[in-house]
Structures are given as structure tokens and as C-alpha cells.
1. Checking the structure you have, find out if any residue of the range 36-59 is touching a Ser or Thr at 6+ places or on another chain (Cβ under 7 Å), in a helix (DSSP H, G or I), in the same structural domain as Asn252 (by TED's automatic domain parsing) and not hydrophobic (A, V, I, L, M, F, W, C).
2. Scan the range 344-354 and tell me whether some residue there is under 21 Å from the mean Cα position of the chain (by Cα) and not in a helix (DSSP H, G or I).
3. Out of (1) buried (at least 18 other Cβ atoms within 10 Å of the Cβ); (2) closer than 30 Å to Gln348 by Cα; (3) more than 18 Å from the chain's Cα centre (by Cα), the odd one out for Ser80 is which?
4. Any idea how many residues of the range 267-319 are closer than 22 Å to Tyr5 by Cβ, more than 19 Å from the chain's Cα centre (by Cα) and β-branched (Val, Ile, Thr)?
5. Of everything in the range 1-48, what is within 12 Å of Val245 (Cα to Cα) and under 24 Å from the mean Cα position of the chain (by Cα)? Give them in sequence order.
6. Can we say Leu251 is in a helix (DSSP H, G or I) and within 19 Å of the chain's Cα centre (by Cα)?
7. Which residue out of Ile153, Ile162 is aliphatic (A, V, I, L, M), in the same structural domain as Glu128 (by TED's automatic domain parsing), more than 16 Å from Ser65 (Cα to Cα) and outside any strand (DSSP E or B)?
8. Across the range 248-281, what is the number of residues that are among the small types (Gly, Ala, Ser) and either at positive phi or buried (at least 21 other Cβ atoms within 10 Å of the Cβ) (or both)?
Amino acid sequence: MELIYFTVGPSKLHEKFEEFIAKGNKENIGSLSHRSPRFSELFENLSNNLKILFNVPEEYSVFYSGSATEFMERIVQNCSEKNTLHFVDGSFSRKFSEISGKQGRINTEIVAEDDGSFFLDNLPSTYEPELICLTHNETTNGVTLSPLFIESIQKRFPDKLIALDIVSSAPTSNVDFSKIDCIFFSVQKGFGLPAGLGVIFVSPRALKKAEEIEKNGKQYTGSYHSFMDLAKYASKKQTPETPNVFGMYLLNEVCLDFLNRTIEKLRSETKIKADLIYKALDGNKKLKPLVTNKELRSETVIVAKPINGSQEVIEYFKKGGFLVASGYAEQKEMQIRIANFPSHSIEQVQKLCMLIDNY
């Protein structure tokens, strides 16, 4: 039996993945030089299509790397010199903070309450961070940040740089990117592609800060992947080094497909599927949603706590033709995680929910 992957990343491949691969092979993309006019055309088309898909302001730059995790480090290096502020509600938001600390920054953390909410009461009114780091959707526990919360952070720190990790919520993240300076993701989740490509949108304010830090000369900004070096090559529609050219080609094909389907439809379908899964879990006595606050429940990574541990329910789903993820790290044996990305159809989710109902 061929399993349908509901793992949280890498996840189920885009339904046209093999078609895109065949098309790319026919066009000999794997042999394409990153200094060729054809690559510059691909770079420009992909960057423009990503901006359209996410409604990113025209003046923002688009850079590429091998992973989203690398961009955590590059953001800290290029957008801060002394201190960063991190809202921590899981392992990946904590990783962002730890990376900052390893870069020599004072990495202040505000840790979420048990229900996933944040309070700023203990933060001194005089506190002035250079960079604020947010994780829109925690892959570890299925907690998401509401648009109102992100807006409240912007109002509290209107002149500070803000970075937003949308790895687990792209491309359906409904966020006003015009008010955020660094927005980054990778492709192995919501885009239904193999891992190996990270993308970041960078505001003019963030580039200005990177330029100031580089001129100062006291901080390491990432060598050939510093923001200024990435910007220099991006102005020529190129990358500093040989990138994942085939990955960029595949991402552009997926973007074109998503634009044809429209982001509004993708978001609508994502909500419909999430509602189906949560309804099934809420009605099950042996498998309950981890996040009880419905306003903070992720639509794309749904975490549940089985009363008999994760392995039993994972094997149960597998026999039904579905592969779900175990819990993250220390929660591996105690939780399961179910992905809900554009590559998962409503029909597949309905079948998954039938299994939940019968568990």
C-alpha cells in the first residue's frame, strides 16, 4: 500500500511533482549555469511570483539559501549588534533564540504561557531590542500567532526590526508582510517539494541595518551569504554561489500552480481541512488536540495527544494508508502531528478523519 504522507516536513509532494521534474529534465535545468541569462530569467520570474503569491511589497529583496535555519543565523548577524528579543513557544522559536546567543547577542526571551499565549507585563517599558524574532507557526506543538498579536508587537516596537518565521505556515500565512522586515521559509512543507531551499524577503530597513553593521566591521555578517552580498548578486538576478537551481525551478512551477489556484482558495481549503480534523479530534475520547485555545490552533500543523501513546495511533493510521508524524523530541512517544498543506486534498483529509472517528 502506498502511504499518503501527512508528516509535517518533509511532507506529501505536490501532486504535479513528477510532471514538473520531467519538464525540468526536458529543459536541462540540472545543467543550467547560475551565471547564464536563462538562470537570471528564472531568478527574476521566481522572485516576482513569490512576491505576488505572498503580497510582498515591491521594494523588498528576495534571497535564497539552502535552508530556513540558515536564515535565522543570517538575520541575527545582519540585523543586530547587541540584543534580540524572542517570543518562545516551542523548540523552533527557541532555536532562533539560541542561534542569537551563539552569535554573542543578549537574547532576551518571553516564554509563552501553557496555553500558548504571551504576556509582555514583565518586559521593562524602557527595553529597546534591535531585533524582534517571531515564529508564526510552531511545528513542535501546533501553536500559531494571531494577526492581532503580531500587530500588537508592531505597535509596541514601531521602529524596531521584526523577523518572522513562516516555515510551517507558508504559503497560506495571512500576514501583512509590509510591516515585517525579514520573512523566511523553506519548501519541504507547504510547497510540497524536497528539502534544500530556503527563501527570505528582506525590507529596505533591514538592508540598511546590514549595511551599517558591515561598514562598522566589528560583526561577522555571513561571508558570501551576508545580506549585502546576497543583495549585490540579486541586483544582477544571480546568487553568490551555485544555488539549488533545480529546486528554484520546481518552486517557480509550484508558485505558478498556486497563483492559478489563487491564494484565497488555498487559504479557504486549508481552513476547511483544519476544521474537519479538529472536529474529528474534539469528538474523540482517545485522541485529543494538544492546543485547547481554539484561537491559537494552527491550521497547518495539528498536534494531538493519544491516551495510549503515539506509536499505537501511528501504526493505526499507517494500516489505513496514512503516515503522520510523531511528537517532537521529548514528546516523540506522547504526541502525534498531522500536516495540513496544499498538497493534501479535502478528500484525503475526509478519509483521515474517518480513521480518527473510528479510533
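1. First, pick out the residues of the range 36-59 that are touching a Ser or Thr at 6+ places or on another chain (Cβ under 7 Å): 39, 57.
In the following step, the residues that additionally are in a helix (DSSP H, G or I) were identified as 39.
Subset that is in the same structural domain as Asn252 (by TED's automatic domain parsing): 39.
Restricting the remaining residues to those that are not hydrophobic (A, V, I, L, M, F, W, C) gives none.
No, that holds for no residue.
2. Going through the range 344-354, the residues under 21 Å from the mean Cα position of the chain (by Cα) turn out to be 344-345.
Retained after the next criterion (residues that are not in a helix (DSSP H, G or I)): 344-345.
Within the range 344-354, one or more residues are under 21 Å from the mean Cα position of the chain (by Cα) and not in a helix (DSSP H, G or I).
3. Every listed condition holds for Ser80 apart from (2).
4. Summing the residues that are closer than 22 Å to Tyr5 by Cβ, more than 19 Å from the chain's Cα centre (by Cα) and β-branched (Val, Ile, Thr) in the range 267-319 gives 4.
5. Leu42, Phe43, Leu46
6. Values: in a helix (DSSP H, G or I): yes; within 19 Å of the chain's Cα centre (by Cα): yes.
Yes.
7. Details: Ile162 fails: outside any strand (DSSP E or B).
The conditions single out Ile153.
8. Kept after step one, since they are among the small types (Gly, Ala, Ser), are these residues of the range 248-281: 268, 274, 280.
Now drop any that are not either at positive phi or buried (at least 21 other Cβ atoms within 10 Å of the Cβ) (or both), which leaves 280.
Residues flagged as among the small types (Gly, Ala, Ser) and either at positive phi or buried (at least 21 other Cβ atoms within 10 Å of the Cβ) (or both) within the range 248-281 amount to 1.
The values are calculated or read from the model by the stated rules, or taken from the named source; none is laboratory data. Computed from a prediction, not measured in an experiment: that's the story for all the values here. Counting neighbours? That spans all protein chains shown, and the Cβs are built from the backbone with ideal geometry, glycine included.
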